[in-house]
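Below is one structure, written out as structure tokens; the observations come after it.
Where a number appears in this text, it was derived from the coordinates with a stated rule and is not lab data. Please read these numbers as outputs of a predicted model, since none were measured by experiment.
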Amino acid sequence: MEENTTLEILKQAILLERRGKAFYQKVAEQTENKAIRDVFATMAEEEQKAWVVDLKKDHHELRTFLENGDDELCMGGKQCVSLGIEIAQLRDNIKLL
């Protein structure tokens, strides 16, 4: 059960990321104040800079993100702790089915 809760939390976190980007874009588009528009446009761009990682096994899928900094460590082969944890959680969830 704990693995299912972890997966649900991860799904919620991803949803919040998507909603955050959409919110920032909407504010940037709707405001007349250039300074506010620039700040929110930058925030939306920062959300876009995360790496999207799609994990798939048979018909099971999980989409996750590597943030700036984490992506550099992971791609450099130095540290992929968060991605490794998420892969392990997906694997454990599949075993439960």
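Amide H contacts for Arg63 (H built 1.01 Å from N in the peptide plane; partners 5 or more residues away or on another chain; cut-off under 5 Å): Leu55. Annotation: extensible slack from Val53 through Ile94 equals 13.0 nm (criterion: 0.36 nm per residue apart, minus Cα-Cα distance).
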